[in-house]
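Structure record follows, encoded as structure tokens.
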Amino acid sequence: MAFTFQTTPNIRFGAGASSEIADLLKGYKAAHVLLVTGNNVRAAGLTRKAEAAIAEAGIALTVFDGVLADAPSHVIEAAAEICRECGVDVVVAIGGGSAMDTAKLVAYLAKTSDKLDDIYGVGRATGDRLPLLLVPTTAGTGSEVTLTSIVKTPTNEKKAVISPRLLPDWAILDPVLTLGLPPHLTAQTGIDAMAHAIEAYTGKIKKNPISDQLALKALALLSANLRKVYTDGSNLEARSEMLLGSMLAGMAFANSPVAAVHALAYPIGEVFDVGHGLSIALVLPYVLEFNRPAAEALYAELSDVIQPGYRRQSDAVDAAAFIAEIEAICRDCGVPGSLSAVGIGEGDLSKLAEGAMKHEERLLVNNPRELDYDQVREIYAKALAGVSRP
Ligand SMILES: [Fe+2]
């Protein structure tokens, strides 16, 4: 056995944790902080306590609230420029995956002379970065504990920068910040987190004992609480468990990377401007069904993790029960049953399949079952028809 495991070195978790941010900043002797966020997150008041705490501590604050969905490259470059001009010495992000992915690269680009175009891929960002603190406001991406930033290029492609340099110094998880997330986004981000845990647990290459335990705990927490937070977003205990689950799933897939579910989801976001979580939810059951012949024993192991009290029978029955329960969670949380719900038609399938195959080296290589262009297209066709079973 041989593996590498990397994660964020410092984690603070708890209701109200985001207002303790100034104490953590003092540890870095911060004189000037850049807060990276989205204007909707700021307008919802989610940055208010942190901003007040930073001001109270006498630390200069510049707010960049121009984060956009899917972290477009020009936004990252603009924020990095502001960071350099203002002489910022610590970067903080409060927001969802796009805000955190943006801030990770801002902290890196502001400190090095690297250009964003030169660091796409694995391990190409090798310079120093500014101290970085990440505060998620959704229970989904787990970006606060991953080595990855996903960037939308000017040609609408999703590219990844993957490097240990992108792990933040601190992940600060405050479930209070997730209370106001509307039901549909709660569901979609939660299903994304479940997909991270499932794909980490079934990863073909880098699955390891630590990522396995994290994925199992993540799936147990996420599956037990997703319906609860979908129907009652104010349930702080369930929100806490979702946030913890999404972080654990993030730690798992940061070290045993995601696979075909993500490879097939990205083109949906690229071509149709559909959010990441919804893209994932639309293809998840169909990819699981495709993978079943190769991943049956592993899916069986997850069957009673997501359904406490489920009595295991045989790998074949249990794997089917696992996929059926994932489908049920998606359905109960309002996920549309077909790609047509987001405007996708038969004529789009080839383009989507071509897009998914672009992720062959980074994502498809981790999939428990090999798949080629025709098989990818067939999975999309089933997701369009809304029929996952043969
Ligand atoms: Fe994801």
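The values are calculated or read from the model by the stated rules, or taken from the named source; none is laboratory data. This structure is a prediction, so every number in the text was calculated from the model and none was measured. To get the accessible areas, we keep the full protein, side chains included, count just its heavy atoms, and leave off ligands, DNA and RNA. Shrake-Rupley method; radii C 1.70, N 1.55, O 1.52, S 1.80 Å.
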### Under-22-angstrom lysine pairs by C-alpha in the range 77-210, whenever the two are 8 or more apart or on separate chains
11
### log₁₀ of I(q)/I(0) at q = 0.06 Å⁻¹ - the chain, Debye sum with one point per alpha carbon
-0.21
### Query
Stretch I205-D332 to full length: gain in nm at 0.36 nm per residue minus the Cα-Cα span?
42.4 nm
### Message
Using alpha carbons only, how many angstrom separate the centre of the range 41-79 from the centre of the range 302-369?
### Response
35 Å
### Query
Of all the accessible heavy-atom surface of the chain, with the other protein chains kept in place and a 1.4 Å probe, what percent is carbon and sulfur?
51 percent
### Query
Between T141 and residues 5 or more places away or on another chain, which pairs have amide H atoms under 5 Å apart, with H built 1.01 Å from N, and which residues are they?
G97
### Ellipticity estimate at 222 nm from DSSP helix runs (n ≥ 4, -39,500 (n - 2.57)) divided over the chain, nearest 500
-16000 deg cm²/dmol
### Accessible area in square angstrom per residue, the chain, 1.4 angstrom probe
38 Å²
